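First comes the structure, then the notes that go with it.
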Amino acid sequence: MTEAGYNFAYLDEATKRMIRRAVLKAVAVPGHQIPFGAREMPLPYGWGTGGIQVTASILGPQDVLKVIDQGADDTTNAVSIRRFFTRVAGIATTETTGDATIIQTRHRIPEKPLTENQILVYQVPQPEPLFKLEPRRAETRRLHALADYGLMHVRLYEDIARLGHIAKAYDYPVMVNERYLMSPSPIPAFDNPKMHQMAALQLFGAGREKRIYAVPPYTPVRSLDFEDHPFRPIRAPHACAICGSTTSYLDELVTDDAGGRAFICSDTDYCQERQEAPKAAAE
Amino acid sequence: MLLEAKKLHLKFGAIAALDDVALDVTAGEVVAIVGESGSGKTTLLRVLAGQMAPDAGAVHYLGRDVLGMTEAEHRRLIRSDWGFVHQNPRDGLRMGVSAGGNVGERLMALGARHYGNIRDEAQAWLQRVEIDSARIDDLPRHFSGGMQQRLQIARTLVTRPKLVFMDEPTGGLDVSVQARLLDLIRALVRELGLSVLIVTHDIAAARLLADRILVMRRGQVVEQGLTDRVLDDPQHPYTQLLVSSVLAA
Amino acid sequence: MSILLRTEGLGKTFTLHLQGGARIPVLAGVDLAVRAGECVALSGPSGAGKSTLMRCLYGNYGAGAGRIMLAHRGAELELVSAPPREVIEARRQSIGYVSQFLRVIPRVGTRDIVAEPMVARGMTRSDALSRASALLDHLNLPERLHDLPPATFSGGEQQRVNLARGFGPGYPVLLLDEPTASLDAANRAIVIGLIHEAKQAGTAIIGIFHDAEVREAVADRVFTVEPMQDAA
C-alpha cells in the first residue's frame, strides 16, 4: 500500500491486466482502436483519464516518469498528474526527457528523439479520425475494416478546393503501417514526422471514448496528402526568443497589451537543455 | 451474362413482394422494370443489388453468388463494378461536400492521389452531365433537384461501373427536367456501353431507354420482352391495361 | 438473287383483354419471300393487316404462329422465337423500318437522329453525320432544320427525317410503311429514286404504297394481304 492507501499506481491488478491485454492487442494491430473498460478516475473526462490509465497499467517501481502538457512540464495539468503518480506509485519523476522511461504527453511530442527504452503515452480526446465526417460508430468501424478511407481524402480535397491548402494544423490524420487511418491526437502537424519509425513505443489512451491504440517501434507512419500537395510540417518562422532554436515548435506568447509577442519553444525541457549547453561546453 | 436472378421469393407478412421472379441482364443491355406502386419493382431492385435478402432464390453477378457474399465483398463490388442511382439524390450524395468532392470521392476511394487530376476529372464529368463546371466547389444543397440528380449520376459513373442500378431516377422531377435527365442517361449509356437495370413507373421513359422491359404486378413478372414489342403488342391483360392507361401528350 | 427475308405460315391474332378477351385474327398462313434487289408491295384494303404484317416482320408485333427467316450475319435468323437481344442486333445490322410516324427523342437534333443508326452499324460519327446531312439535303429538308430536334416539324418534314434514318445505314432488308404519305410530287420522286438506288445495291424491300404512282414505279411484284373474317 502506498502513502494514500491505494494499490500501486491506483488501479487494481485485474484492471491493469485488462488494460495491458488491450495494449497488447493494440500493438499487434498498429493504428487500430481497441475498446477497453475504462475506470472511474479521480479527474474528469477531458483531463487525460485515458493516458493516465495506460500509464498506470505499464508503470513499474523502477520507472522514471515525465509528464508534459503542450510541451511544458510546469503547467497545472502536468504538475497534477505527476504528483498523482508520485502519491499512488512512489516512482521517480523527472523533467528531463532523456532520463524518463515513460513520458505521458498531452498534445506534443518532445523535440529530443526518443529511444528504444522509452514509452510515449498520448492523451487522446477523440480516437476516431473520421468522427467529424461520419458520426456513426458502426459505419466508421466498417470503413476501418474495409480500409475504405476515401472520405478522409475528400475532406483534404475540400480543404484544398476551398482554402488552397490542407487546413489541418493539428490532429493531422496519418496512415499507420499503410493499413489503418489513425488520429495522432491533437499534436501539431509539425510533430507528425517524429512518429514515423520512432524508436520508442507509442501508446494512445482515450478515457472518455474508452479506446486504446498503439504504434509499435519502427513503424511507418505517413501523413495523408496528395501527390501535388505534399505534406509539409509547419512552424512559426522564428527563432526561440530564449534559446535561439530555429527547428523546434514554438509557442506564441502575448507579452503586453500593445501587440507585443514573443516566440518560445513549446518543449520546455528542450529549451532548458539548449540554454545549458553553452554553459556546459564552457565548463 | 452479367446478372442472373432465379426463383426469387420475398414476403412481407402475408404480402408477396416477390413471387417467383427471374431476371437476367447481359453486358451492354438496358432493362426496365415497370409497374405500379406495390408491384414489387423496387423490392426487386434492392434484392438484386444485395441490399435486401430474399426468402428464397439466387442472384449471380458474373457467376459470383451475390446473396452469399460477405459484407466486405459486397461493399467492394458496390464501389467498383456497380453503381446505384437513388430516387432521391440526397440518398446518393454527400450534401455537405462540394460537387467536385462528391464526384472525386469514388476516385479517391480507389486510390487516386493527385489533386489536380482528380479535379480535372470531376470537372469533365460535371460538364458531361451538363452542370456548369464553375460550380465544382458549390455544395449540392444549393443545387436544384435536377442538378442534384445529375450530380448523383456523375458521382456514380465516374468509376465506369459495369452495372448500374437506377431507382426511379426521374421521380419527383419536373417534366422538362425529366426529359433532360432521360436524354442524358440515354446518351451516357450509349457512350459508355453501360448495362443498366432501371426501375420506373414511367412507361415513356422505359421506351426511350430500355432494350427490354419487365412488367410487374403484385410481386410477379407478368410479361417481359423487347420493349417496343411489349408496349406496342402487349399480351398480358395487365400490360394491356397499363399501356392503354398512359396519357399521350 | 438470294432470298433475304421469308415467312412460313405467319399468323397473328390480337386478344383484347380489355374488351372481354375479344379475339381478332388478322394474319394466317402468310408465306412471303423477298429477294435481294427486289421490291414487293403489300396490297389489300385498309385494315386487312398490311401494317400488322410489316410490324411482325420487324419484331415490333409478336407473331402468334409461323416463322420469319431473316438473312443475318451469313446465316438465317428465325425472328419469332429469337430472344430480344438478337432481334435488337438484327435491327442494328440487317433490317430497317421506315414508319409513318417519328417517335421523337427530346433534345436530340435531326442530323444526330439520322446519324445514330449508322454509327450503331459501325460508321464513324463524322462519316455518319456527313451522310446524314447529304441525305437530308437530298430529301430537301432545309439546312436550318438539320440541327433542330424534329418535335415541331410538320408531318412531311418528320417523314423525310424517317426516310433519311431508314435509308442511311444501307440495310440489306428495308421495310417501308407508306414512305410517301405526306410528301409532295417532287419529294415523292426523290423517294422513288432512293428506292431504285437501294434495289440496285441489292436491298430487299417490302413496302406499303398507298400511292399508285409510286407503287408502279418501284414494285417488282405485289403481295396481297386478304382481310380475315372476325372470329366469333
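The values are calculated or read from the model by the stated rules, or taken from the named source; none is laboratory data. Not measured: the values here are computed from a predicted model. Cβ sites come from the backbone with ideal geometry, for glycine too, and all protein chains shown count toward neighbours.
What to note about this one:
- Filtering region A:136-151 to residues that are of a type outside the set (Phe, Trp, Tyr) and facing chain B (nearest Cβ under 9 Å) leaves A:Arg142, A:Ala145, A:Leu146, A:Asp148, A:Gly150, A:Leu151.
- Of all residues in region C:56-87, those satisfying the criterion of being β-branched (Val, Ile, Thr) and either more than 9 Å from every other protein chain (Cβ to nearest Cβ) or farther than 23 Å from C:Ile208 by Cα (or both) are C:Ile68, C:Val80.
- Scanning region C:215-224 finds no residues that are in a loop (DSSP other than H, G, I, E, B), under 22 Å from C:Gly11 (Cβ atoms) and among the acidic types (Asp, Glu).
- Residue that is farthest from B:Ala210 (Cα to Cα) [pool: residues in region B:138-169 that are among the β-branched types (Val, Ile, Thr) and in contact with a strand residue (DSSP E or B) (Cβ under 7 Å, 6 or more places away or on another chain)]: B:Thr156
- Checklist (1) assigned to a helix (DSSP H, G or I); (2) among the hydrophobic types (A, V, I, L, M, F, W, C); (3) within 23 Å of B:Asp24 (Cα to Cα); (4) touching a helix residue (DSSP H, G or I) at 6+ places or on another chain (Cβ under 6 Å) applied to B:Val177, failing item: (3)
- Taken over region B:54-105, the criterion of being within 14 Å of another protein chain (Cβ to nearest Cβ) and surrounded by 21 or more Cβ atoms within 10 Å (Cβ to Cβ) is satisfied by B:Leu93, B:Val97, B:Ser98, B:Ala99, B:Gly100, B:Gly101, B:Asn102, B:Val103, B:Gly104, B:Glu105.
- None of C:Leu57, C:Leu10, C:Leu70 is assigned to a helix (DSSP H, G or I), among the hydrophobic types (A, V, I, L, M, F, W, C) and under 25 Å from C:Thr224 (Cβ atoms) except C:Leu57.
- Among the residues of region A:226-255, the one identified as closer than 21 Å to A:Val176 by Cβ, surrounded by fewer than 17 Cβ atoms within 10 Å (Cβ to Cβ) and touching a Phe, Trp or Tyr at 6+ places or on another chain (Cβ under 7 Å) is A:Pro233.
- Identity of the residue in region C:105-121, in a loop (DSSP other than H, G, I, E, B) and over 17 Å from the mean Cα position of the chain (by Cα), that ends up farthest from the other protein chains (Cβ to nearest Cβ): C:Gly109
- Residue check, B:Gln123 outside any loop (DSSP other than H, G, I, E, B), buried (at least 17 other Cβ atoms within 10 Å of the Cβ), among the polar types (S, T, N, Q) and within 14 Å of chain A (Cβ to nearest Cβ): yes
- Filter result for B:Leu247 (among the hydrophobic types (A, V, I, L, M, F, W, C) and either facing chain C (nearest Cβ under 9 Å) or surrounded by fewer than 22 Cβ atoms within 10 Å (Cβ to Cβ) (or both)): yes
- Just one of (1) closer than 26 Å to A:Arg179 by Cβ; (2) buried (at least 21 other Cβ atoms within 10 Å of the Cβ); (3) touching a Lys or Arg at 6+ places or on another chain (Cβ under 8 Å) fails for A:Ile19. It is (3).
- Per the listing A:Thr219, A:Thr268, the residue uniquely at pLDDT below 95, surrounded by 15 or more Cβ atoms within 10 Å (Cβ to Cβ) and hydroxyl-bearing (Ser, Thr, Tyr) is A:Thr268.
Here's the yes/no breakdown for (1) among the hydrophobic types (A, V, I, L, M, F, W, C); (2) within 23 Å of A:Arg17 (Cα to Cα); (3) within 17 Å of the chain's Cα centre (by Cα):
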{"residue": "A:Leu59", "(1), (2), (3)": "yes, yes, no"}
{"residue": "A:Asp63", "(1), (2), (3)": "no, yes, no"}
{"residue": "A:Ile68", "(1), (2), (3)": "yes, no, yes"}
{"residue": "A:Gly71", "(1), (2), (3)": "no, no, yes"}
{"residue": "A:Thr75", "(1), (2), (3)": "no, no, yes"}
{"residue": "A:Pro113", "(1), (2), (3)": "no, no, yes"}
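- Within the set B:Leu214, B:Leu209, the sole residue that is under 18 Å from C:Pro84 (Cα atoms), modelled with pLDDT of 95 or more and either surrounded by fewer than 21 Cβ atoms within 10 Å (Cβ to Cβ) or more than 9 Å from every other protein chain (Cβ to nearest Cβ) (or both) turns out to be B:Leu214.
- Residues of region A:1-55 satisfying the condition of being over 16 Å from the mean Cα position of the chain (by Cα), in a helix (DSSP H, G or I) and not β-branched (Val, Ile, Thr): A:Glu13, A:Ala14, A:Lys16, A:Arg17, A:Met18, A:Arg20, A:Arg21, A:Ala22, A:Leu24, A:Lys25, A:Ala28
Conditions tested, residue by residue: (1) modelled with pLDDT of 95 or more; (2) closer than 22 Å to C:Met69 by Cα; (3) exposed (fewer than 15 other Cβ atoms within 10 Å of the Cβ); (4) basic (Lys, Arg).
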residue	(1), (2), (3), (4)
C:Asn162	no, no, no, no
C:Leu174	yes, yes, no, no
C:Ser182	no, no, no, no
C:Phe209	no, no, no, no
C:Glu216	no, no, yes, no
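- Criterion applied to A:Ile81, A:Ile68, A:Ile34, A:Ile119 was being among the aliphatic types (A, V, I, L, M), in contact with a Leu (Cβ under 7 Å, 6 or more places away or on another chain) and surrounded by 15 or more Cβ atoms within 10 Å (Cβ to Cβ), and the one residue passing it is A:Ile119.
- Of the residues making up region B:165-201, those that are crowded, with 19+ Cβ neighbours inside 10 Å, in contact with an Asp or Glu (Cβ under 9 Å, 6 or more places away or on another chain) and free of Cβ contacts under 8 Å to residues at least 40 places away in the same chain are B:Thr170, B:Gln178, B:Leu182.
- The residue list C:Glu89, C:Glu116 contains one member that is surrounded by fewer than 19 Cβ atoms within 10 Å (Cβ to Cβ) and of a type in the set (D, E, K, R), which is C:Glu89.
- Boolean, C:Ser99 is within 24 Å of B:Val31 (Cα to Cα), of a type in the set (S, T, N, Q) and in contact with a strand residue (DSSP E or B) (Cβ under 8 Å, 6 or more places away or on another chain): no
- For region C:142-156, a residue qualifies if it is within 16 Å of C:Arg103 (Cβ to Cβ) and assigned to a helix (DSSP H, G or I), and the qualifying residues are C:Pro150, C:Ala151, C:Thr152, C:Gly155.
- Among the residues of region A:149-179, those that are in a loop (DSSP other than H, G, I, E, B) and not basic (Lys, Arg) comprise A:Tyr149, A:Gly164, A:His165, A:Ile166, A:Ala167, A:Ala169, A:Asp171, A:Tyr172, A:Pro173, A:Asn177, A:Glu178.
- Just one of the listed residues (A:Met41, A:Met1) is in contact with a helix residue (DSSP H, G or I) (Cβ under 7 Å, 6 or more places away or on another chain) and either modelled with pLDDT under 95 or not small (Gly, Ala, Ser) (or both), namely A:Met41.
- Matching residues in region B:152-199 - criterion: being more than 14 Å from chain C (Cβ to nearest Cβ), more than 21 Å from B:Arg79 (Cβ to Cβ) and not small (Gly, Ala, Ser): B:Glu168, B:Val199
- Residue in region C:32-48 that is closer than 27 Å to B:Pro237 by Cβ, more than 14 Å from every other protein chain (Cβ to nearest Cβ), not polar (S, T, N, Q) and not in a loop (DSSP other than H, G, I, E, B) present: no
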